[in-house]
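The values are calculated or read from the model by the stated rules, or taken from the named source; none is laboratory data. Keep in mind that this is a model prediction, so the values were computed, not measured. With ideal geometry, Cβ positions are generated from the backbone for all residues, glycine too; neighbour counts draw on all protein chains shown. What goes into the accessible areas is simple: the full protein's heavy atoms, side chains included, and nothing from ligands, DNA or RNA. Shrake-Rupley method; radii C 1.70, N 1.55, O 1.52, S 1.80 Å.
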Amino acid sequence: SQQGEEDPQALSIQEGENATMNCSYKTSINNLQWYRQNSGRGLVHLILIRSNEREKHSGRLRVTLDTSKKSSSLLITASRAADTASYFCATDAENYGQNFVFGPGTRLSVLP
Amino acid sequence: DAGVTQSPTHLIKTRGQQVTLRCSPKSGHDTVSWYQQALGQGPQFIFQYYEEEERQRGNFPDRFSGHQFPNYSSELNVNALLLGDSALYLCASSLAWETGTYEQYFGPGTRLTVT
């Protein structure tokens with residue numbers, strides 16, 4: 001299985017602090033995506049990083065990818081209470097289309 | 001520009017019954033994927049439809065079937081419901097994999113409860 005695993009399972013921080021979540025996977029990938037999910041709702045696409053990229057930025061988000069270690073990290077800077085959500089990484093296998101595999105997620109709580 | 005829509009929002013069924021969930025993709029998207037998300041877990045891929053055919057399938061039994069219509073909308077059917085089928089069912093739309101565009105856009109989901 002190429003299932004991604006996020007770490008930590010839960011994270012609680014104060015508003016203004018940075019939050020870092022990690023994702024590990026098992027097989028070679030085409031790309032890795034990060035999604036956010038507010039309680040019991042649909043997922044929101046945050047950022048996609050391709051296997052030949054090492055770092056991407058989008059606003060307060062920074063994603064890194066280390067294919068040699070089969071791992072990725074999502075950094076949220078200057079967190080806000082509205083960032084409270086579950087965060088998932090999703091991977092797809094090389095040459096296997098869009099069968100995305102999600103990890104169990106990191107539940108982030110940002111306290112005001 | 002309408003995003004991905006799903007209906008119904010909530011559904012309660014009894015064991016053994018059958019259910020149909022519906023999804024309309026984001027405008028311009030031709031590929032629809034379905035996921036099952038149990039409480040506290042990440043979404044699990046059920047299958048994907050493109051050009052009205054099942055293109056890929058995850059590790060789900062044949063009780064789970066689907067359909068895609070010419071307008072790209074899709075249905076997920078689950079027969080002989082089990083208690084374990086209780087979950088949030090998510091639909092995601094995207095462009096075909098061959099385009100090299102991989103972002104998926106998710107609908108709000110249908111919460112299915114089997115009693």
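Residue-wise test of (1) over 10 Å from the mean Cα position of the chain (by Cα); (2) free of Cβ contacts under 8 Å to residues at least 12 places away in the same chain; (3) more than 22 Å from B:Thr99 (Cβ to Cβ); (4) assigned to a loop (DSSP other than H, G, I, E, B).
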{"position": "A:Leu11", "(1), (2), (3), (4)": "yes, no, yes, no"}
{"position": "A:Gly16", "(1), (2), (3), (4)": "yes, no, yes, yes"}
{"position": "A:Trp34", "(1), (2), (3), (4)": "no, no, no, no"}
{"position": "A:Val44", "(1), (2), (3), (4)": "yes, yes, no, no"}
{"position": "A:Lys56", "(1), (2), (3), (4)": "yes, yes, no, no"}
{"position": "A:Ser72", "(1), (2), (3), (4)": "no, no, yes, no"}
{"position": "A:Leu75", "(1), (2), (3), (4)": "no, no, yes, no"}
{"position": "A:Ser86", "(1), (2), (3), (4)": "no, no, yes, no"}
Per-region count, segment A:34-63, residues within 13 Å of another protein chain (Cβ to nearest Cβ), touching a Phe, Trp or Tyr at 6+ places or on another chain (Cβ under 7 Å) and modelled with pLDDT of 90 or more | 10
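Residues are listed down the side, and each one gets a yes or a no for (1) facing another protein chain (nearest Cβ under 9 Å); (2) more than 25 Å from B:His10 (Cβ to Cβ); (3) at pLDDT 95 or above; (4) touching a Phe, Trp or Tyr at 6+ places or on another chain (Cβ under 7 Å):
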{"site": "B:Glu53", "(1), (2), (3), (4)": "no, yes, no, no"}
{"site": "B:Pro61", "(1), (2), (3), (4)": "no, no, yes, no"}
{"site": "B:Pro70", "(1), (2), (3), (4)": "no, yes, yes, no"}
{"site": "B:Leu90", "(1), (2), (3), (4)": "yes, no, yes, yes"}
{"site": "B:Trp97", "(1), (2), (3), (4)": "yes, yes, no, no"}
{"site": "B:Glu103", "(1), (2), (3), (4)": "yes, yes, no, no"}
{"site": "B:Thr115", "(1), (2), (3), (4)": "no, no, yes, no"}
The condition from (1) touching a Lys or Arg at 6+ places or on another chain (Cβ under 9 Å); (2) open to solvent by less than 10 Å² (accessible area, probe 1.4 Å); (3) under 25 Å from B:Gly107 (Cβ atoms); (4) not aliphatic (A, V, I, L, M) that A:Ser79 misses is numbered (3)
Any chance you could count how many residues in segment B:75-88 are more than 14 Å from chain A (Cβ to nearest Cβ) and in a strand (DSSP E or B)?
-> 4
Would you say A:Thr67 is of a type in the set (S, T, N, Q), under 24 Å from B:Leu88 (Cβ atoms) and out of contact with any Gly (no Cβ under 8 Å at 6 or more places or on another chain)?
-> no
